[in-house]
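Undergrad: There's a structure below that I have some questions on.
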Amino acid sequence: MGRSEELFERAKQVIPGGVNSPVRAFGSVGMTPRFIEKGFGSYIWDSEGNKYIDFIGSWGPMILGHQNPDVMEEVRKAIFDGLSFGAATEREVDMAELICEIVPSIEMVRMVNSGTEAVMSAIRAARGFTGRDKIVKFAGCYHGHSDALLVQAGSGLMTQGIPGSAGVPEGCTKDTLSAVYNDLDSVKALFEANPGEIACVIVEPVGANMGVVLPKEGFLEGLRKLCTENGAVLIFDEVITGFRLALDGAQGFYGITPDLTTFGKIIGGGMPVGAYGGRKDIMSCVAPLGPVYQAGTLSGNPVAMAAGIAQLKVLKDTPDIYKNLNEKGDRFFAELDKILTEAEVPHCLNHVGSLGCIFFTDKEVVDYESAQTSDTARFTEYFRHMLGQGIYIAPSQFEAMFLSTAHTEEDLAKTLDAVRGFVR
Ligand SMILES: *Cc1c(COP(=O)(O)O)cnc(C)c1O
């Protein structure tokens, strides 16, 4: 038995399923998870000492690769001042100013500890601001694991084939309305059926938790218009897309201004950080300024802020960093597509910038339903082959592949060779 198998046996005795988040289990590909010992640049090493090219990047945060020197240095400096005070600190102001500067739609922002918390709080603010209860989400979009949002929620739920979660009372989801991604008419119909009752529409501006699903031309604009006409708050969940597609996220990339935005992942540089923010009139509803209560003992933690600020500054101050990363993604995914096409493997490759995903289907994947046409058995074979070649991708069909600035041309060439080996 290898060391990862040994650790997994121990883990299963004391942690449900042996993992602290379901997406880490290799259950859907019938394997035991690798236990990771360290990471550097585009590589990670498991506890057997195997080296992998890492295309998960902690599910997005490691956009600069592992152990970016600026991020590591700022964290090192921060820990020597103490780990937490539960009081206001200068770094929180620096972070808030930085976010407001680089994302124009954000006038005020509140730091939290995860993407889940950011979304849950943004929804509460939208409800408090509008005085309405109902919310609209899209099938296949994941917005964290809070009760109201575990409805056709994508990500780990999709792999397990469960529409929702046990333990969520009906009362918690009765105000959650589900629409079809890329289908404006489905949203229009909900507004018509619930006049004056919908507080907000929340959307992943690029769907990245049912595999990668791009917004069709006009979809995000249409949502903007519908929300404005109906007095509903438009929330972009940019937990994945924020600071990834562009410095100002998908909203900058596609040129659509939401009312509220949620962040996570990249914003913490690898530390547990989330944030929600947007229009001043809406954010002014949040306590202690307003009546919407939201709090956090470790929110704005100084070490977490140090990591996040350092990462955002590298992203902001490095010339052409997004241009280069997105072009690298364009080249890589085009080549991947070509290999599969030439080998006549039925597939749909969806990609934008450094995010991409192969669906093993002959259908065009535009929403939750079409994503589910993918041949997951074929994906399992693909995953196992790639892992065996030292390529670490998400152990699920319904997740994204994340490129970082640390991936070298050599890494990508090696990865493409592994794909050639798979289709041969
Ligand atoms: C990961 C994710 C979340 C939840 O963030 P956590 O930090 O895991 O709680 C919310 N929304 C989207 C779009 C995500 O990808």
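The values are calculated or read from the model by the stated rules, or taken from the named source; none is laboratory data. All of these numbers come straight from a predicted model, not from anything done at the bench. Note that each Cβ is placed from the backbone with ideal geometry, even for glycine, and that neighbours are counted across all protein chains shown.
Undergrad: How about segment 26-62: which of its residues are under 18 Å from THR415 (Cα atoms) and within 16 Å of the ligand (Cβ to nearest atom)?
TA: Matches in segment 26-62: PHE55, ILE56, GLY57.
Undergrad: Here are ALA166, ALA153, ALA199: which of them is surrounded by 19 or more Cβ atoms within 10 Å (Cβ to Cβ), at negative phi and either in contact with a His (Cβ under 7 Å, 6 or more places away or on another chain) or at pLDDT below 95 (or both)?
TA: ALA153
Undergrad: Residues of segment 406-417 being under 26 Å from MET210 (Cβ atoms) and of a type in the set (Val, Ile, Thr), which ones?
TA: THR415
Undergrad: Separate question: Of the numbered conditions (1) in a loop (DSSP other than H, G, I, E, B); (2) of a type outside the set (A, V, I, L, M, F, W, C); (3) free of Cβ contacts under 8 Å to residues at least 60 places away in the same chain, PRO33 fails exactly one; give the number of that condition.
TA: (3) is the only condition that PRO33 fails.
Undergrad: Among the residues of segment 224-237, is any in a helix (DSSP H, G or I), under 25 Å from MET158 (Cβ atoms) and away from the ligand (no atom under 15 Å from the Cβ)?
TA: No, there is no match, as no residue in segment 224-237 is in a helix (DSSP H, G or I), under 25 Å from MET158 (Cβ atoms) and away from the ligand (no atom under 15 Å from the Cβ).
Undergrad: Looking at LYS313, LYS323, can you tell me which residue is within 30 Å of GLY86 (Cα to Cα), within 23 Å of the chain's Cα centre (by Cα) and part of a helix (DSSP H, G or I)?
TA: Unique residue meeting the criteria: LYS313.
For (1) within 17 Å of GLU238 (Cβ to Cβ); (2) surrounded by fewer than 24 Cβ atoms within 10 Å (Cβ to Cβ); (3) within 16 Å of the chain's Cα centre (by Cα), each residue gets a yes or a no:
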{"residue": "ILE106", "(1), (2), (3)": "yes, no, no"}
{"residue": "THR116", "(1), (2), (3)": "yes, yes, yes"}
{"residue": "MET120", "(1), (2), (3)": "yes, yes, yes"}
{"residue": "ARG127", "(1), (2), (3)": "no, yes, no"}
{"residue": "LYS134", "(1), (2), (3)": "no, yes, no"}
{"residue": "ALA139", "(1), (2), (3)": "no, yes, yes"}
{"residue": "TYR142", "(1), (2), (3)": "yes, no, yes"}
{"residue": "HIS145", "(1), (2), (3)": "no, yes, yes"}
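Undergrad: Can you confirm whether ILE282 is β-branched (Val, Ile, Thr), within 16 Å of the ligand (Cβ to nearest atom), more than 10 Å from VAL109 (Cα to Cα) and touching a Leu at 6+ places or on another chain (Cβ under 8 Å)?
TA: Values: β-branched (Val, Ile, Thr): yes; within 16 Å of the ligand (Cβ to nearest atom): no; more than 10 Å from VAL109 (Cα to Cα): yes; touching a Leu at 6+ places or on another chain (Cβ under 8 Å): yes.
So ILE282 does not fit the description; no.
Residue-by-condition table, conditions (1) within 13 Å of the ligand (Cβ to nearest atom); (2) assigned to a loop (DSSP other than H, G, I, E, B); (3) charged (D, E, K, R); (4) touching a Lys or Arg at 6+ places or on another chain (Cβ under 9 Å):
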residue	(1), (2), (3), (4)
GLY171	no, no, no, no
LEU177	no, no, no, yes
ALA189	no, no, no, no
PRO195	no, yes, no, no
GLY222	no, no, no, yes
ILE240	yes, yes, no, yes
ALA246	no, yes, no, no
GLY252	no, no, no, no
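Undergrad: How many of the residues in segment 101-118 are touching a Pro at 6+ places or on another chain (Cβ under 7 Å) and either away from the ligand (no atom under 15 Å from the Cβ) or among the β-branched types (Val, Ile, Thr) (or both)?
TA: 1
Undergrad: Could you run through segment 279-294 and say how many residues are within 15 Å of MET120 (Cβ to Cβ) and not in a loop (DSSP other than H, G, I, E, B)?
TA: So the answer is 2.
Undergrad: Are any residues in segment 44-75 in a strand (DSSP E or B) and either surrounded by 19 or more Cβ atoms within 10 Å (Cβ to Cβ) or of a type in the set (D, E, K, R) (or both), and if so, which ones?
TA: ILE44, ASP46, LYS51, TYR52, ILE53, ASP54, HIS66
Undergrad: Shifting gears a bit: Restricting attention to segment 180-189, does a residue exist that is in contact (Cβ under 8 Å) with a residue 12 or more places away in the chain, among the basic types (Lys, Arg) and out of contact with any helix residue (DSSP H, G or I) (no Cβ under 9 Å at 6 or more places or on another chain)? Step through it out loud before you land on a result.
TA: Filtering segment 180-189 down to residues in contact (Cβ under 8 Å) with a residue 12 or more places away in the chain leaves 180-184, 187-188.
Subsequent filtering for residues that are among the basic types (Lys, Arg) retains 188.
Next, from what is left, pick out any that are out of contact with any helix residue (DSSP H, G or I) (no Cβ under 9 Å at 6 or more places or on another chain): none.
No, the conditions are met nowhere in segment 180-189.
Undergrad: Right, something else. Show the residue pairs that are 6+ apart or on different chains and have beta-carbon atoms under 8 Å apart, the first residue being within segment 112-124 and closer than 18 Å to PRO291 by Cα, the second being of a type in the set (Lys, Arg).
TA: That search, which allows pairs on different chains as well, returns SER121/ARG110.
Undergrad: Oh, and also: Would you tally the residues in segment 368-393 being part of a loop (DSSP other than H, G, I, E, B) and surrounded by fewer than 22 Cβ atoms within 10 Å (Cβ to Cβ)?
TA: Summing the residues that are part of a loop (DSSP other than H, G, I, E, B) and surrounded by fewer than 22 Cβ atoms within 10 Å (Cβ to Cβ) in segment 368-393 gives 5.
Undergrad: Right, here's the next one. Are any of the residues in segment 287-295 buried (at least 24 other Cβ atoms within 10 Å of the Cβ) and either closer than 24 Å to GLN397 by Cα or of a type outside the set (S, T, N, Q) (or both)?
TA: Checking segment 287-295: not a single residue is buried (at least 24 other Cβ atoms within 10 Å of the Cβ) and either closer than 24 Å to GLN397 by Cα or of a type outside the set (S, T, N, Q) (or both).
Let's see how each residue does on (1) part of a loop (DSSP other than H, G, I, E, B); (2) at pLDDT 95 or above; (3) not assigned by TED's automatic domain parsing to the domain that holds PHE236:
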| position | (1), (2), (3) |
| --- | --- |
| LYS38 | no, yes, yes |
| LYS77 | no, yes, no |
| GLY82 | yes, yes, no |
| ALA96 | no, yes, no |
